[in-house]
Structure formats: structure tokens, C-alpha cells
């Protein structure tokens, strides 16, 4: 019976990963034109990458590698990696976001 216990454990872990990704997507969808940079920092911590663009836009990127303990090293080395790319205006309000595959 131990084999079936392992299968259940893996299934629960996979459902958790999917739920986390869906939850984050829902958070960003519901917060466009509303969330501030500070609110996002309070929820997720500092972004892994920050870029300044023309027109006073700031672009933040968070990398989700499927583990709360994985850190940002600049490239994706695991098979699972999603990037959440957030665009803020000069008033520090979230104006857009995208979920992307990480680029190596």
C-alpha cells in the first residue's frame, strides 16, 4: 500500500502547484489599475528583477520555480519556471502584467 500513498502525495503536491499559479494569476488580474508597488512588495517581497522603461514605466519580474526556497540566479535551471512580469506607472500603480515561461 505504500505505493498508493506515494501517488497520493505526488497528486496533492501537483494540485498545490497548480493552485498557487492560478491564485497568483487571479491576484494580478483583479489588481490591475489598483495595486501599488508597496502592496505587491508586502505580498511577495522585493521583485527578482527591476527595469526602468521609457514613459516612466517600471517593470518588475518575479520568478516562480515551483519551490518557495529557490532563489533568483538570473537563469532558469529547472524544468518548471514561470515569470510574472508586472508593469507600474509613475504613480507606482500596477497597469499590466503577463505570465511567461522563463527565458534561459
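A few comments on the model shown:
- 37, 54, 92 arranged by Cβ crowding within 10 Å, fewest neighbours leading: 54, 92, 37
- Sorting 64, 89 by the number of Cβ atoms found within 10 Å of their own Cβ, with the fewest placed first, yields 89, 64.
Rule-based calculations on the coordinates, nothing more; no lab input. Quantities reported herein were computed from a predicted structural model and do not represent experimental measurements. As a convention, Cβ positions derive from the backbone with ideal geometry for all residues, glycine included, and neighbour counts pool all protein chains shown.
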